[in-house]
Amino acid sequence: MDFNRFLNRSPQSFFLIAGPCAIEDEKTAFEIAHHVDSVSQSLNIPYIFKGSFKKANRTKMDSFKGIGDIKALKILHHIGQTLKIPVLTDIHESHDAPIAAQYVDVLQIPAFLIRQTDLIIAAAQTGKTINLKKGQFLSPESMKFAIEKVKSAGNTNVFITERGTQFGYSDLVVDFRGIPKMRSLAPTVMDITHALQQPNRSEGVTGGAPHLIETIGRAAVAVGIDGLFIETHPDPLMAQSDGKNMLKLDQIENLLKRFVAIHQTVVSFQSNHSSPCSKSI
């Protein structure tokens with residue numbers, strides 16, 4: 001995947017990464033992919049399908065971890081080939097990189113693992129596009145070091161995803177001042193569902209505030225984000241992972257329409273105003 005060419009497919013729009021938290025089965029994954037792809041095409045939004053082939057970062061020992069690595073990776077590959085769209089998955093160990101790279105177009109480094117040099121280098125060496133999730137514990141400026149690790153392996157196809165900063169023990173906050181800072185380093189995505197997680201709950205299951213998804217998304221589009229990241233599911237409360245902060249699938253079309261309208265307003269404003277303020281948006 002040539003990420004720069006992908007970015008230029010629709011210069012008047014942000015791009016979208018969306019899908020379930022984890023691949024649960026082929027039927028659900030295809031239902032989500034078909035629906036979001038159809039909506040994205042109608043709105044001229046470049047689309048990357050997302051799904052974790054395994055969940056290695058669960059709080060509780062008995063939490064859902066996946067349906068089998070290769071089985072899930074084959075589903076991701078099948079979706080990409082059938083719908084002719086790029087697909088993304090996250091990896092957790094260095095040896096995952098060359099395996100997952102055989103099936104997907106984008107390898108994602110999870111936020112908790114963003115300082116793992118060997119993991120980042122292994123991902124970068126596959127030649128795939130790399131998505132670096134900003135750690136909940138990192139400043140926006142410090143992401144330059146993760147980008148340098150990717151580029152040291154000769155890979156320039158890299159972008160950053162903001163997903164909130166740790167606030168106390170069980171909440172996250174989004175500091176939108178970080179968006180232009182990170183965009184000066186690489187194309188930047190706003191993960192509007194993970195940013196609303198409520199981690200470290202006493203029952204061992206991450207909570208969330210999905211009623212604020214549109215609030216975070218509106219703000220991100222207004223400050224000039226390059227892409228949006230949304231986890232979605234036909235029935236979030238029945239999802240095997242992260243259900244408490246996911247968007248219900250049938251809500252994504254109207255939500256994206258509103259985001260597109262905001263984006264078009266921002267683009268129009270920028271084209272008509274050349275003040276320092278407009279340039280920083």
Report summary line: When E31 is run through (1) in contact (Cβ under 8 Å) with a residue 24 or more places away in the chain; (2) within 20 Å of F159 (Cβ to Cβ); (3) among the charged types (D, E, K, R), the failure sits at (2)
Query raised in the report: Which of the residues spanning the stretch 87-111 are under 18 Å from E148 (Cα atoms) and open to solvent by 40 Å² or more (accessible area, probe 1.4 Å)?
Result: S94
Query raised in the report: Within the bounds of the stretch 125-146, is there any residue that is in a helix (DSSP H, G or I) and open to solvent by less than 10 Å² (accessible area, probe 1.4 Å)?
Result: yes
Query - the stretch 92-108 residues that are farther than 13 Å from N131 by Cα, paired with ones that are acidic (D, E) (beta carbon under 8 Å, 6 or more apart) - result: S94/D118; I99/D69
Report task. Output the residue which, of all residues in the stretch 1-51 that are modelled with pLDDT under 95 and among the small types (G, A, S), is most open to solvent (accessible area, probe 1.4 Å). Result -> S13
Query raised in the report: Can you tell me which of I114, I120, I99 is among the β-branched types (V, I, T), under 24 Å from S152 (Cα atoms) and in contact with a Lys or Arg (Cβ under 6 Å, 6 or more places away or on another chain)?
Result: I120
Query raised in the report: Taking the stretch 173-191 as the region of interest, how many residues are open to solvent by 20 Å² or more (accessible area, probe 1.4 Å) and free of Cβ contacts under 8 Å to residues at least 40 places away in the same chain?
Result: 4
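What helices (runs of 4 or more DSSP H) completely inside the stretch 183-281 contain at least 3 residues that are at pLDDT below 85? Lay out the reasoning, then the answer.
Values: elements: 213-222, 252-272, 276-280.
Answer list for the stretch 183-281: 252-272, 276-280.
The values are calculated or read from the model by the stated rules, or taken from the named source; none is laboratory data. Treat the numbers as computed from the prediction; the structure is a model and nothing was measured. Backbone-built Cβ (ideal geometry, glycine too); neighbour counts: all protein chains shown. Accessible surface is based on the protein model in full, side chains and every heavy atom, while ligands, DNA and RNA are left aside. Shrake-Rupley method; radii C 1.70, N 1.55, O 1.52, S 1.80 Å.
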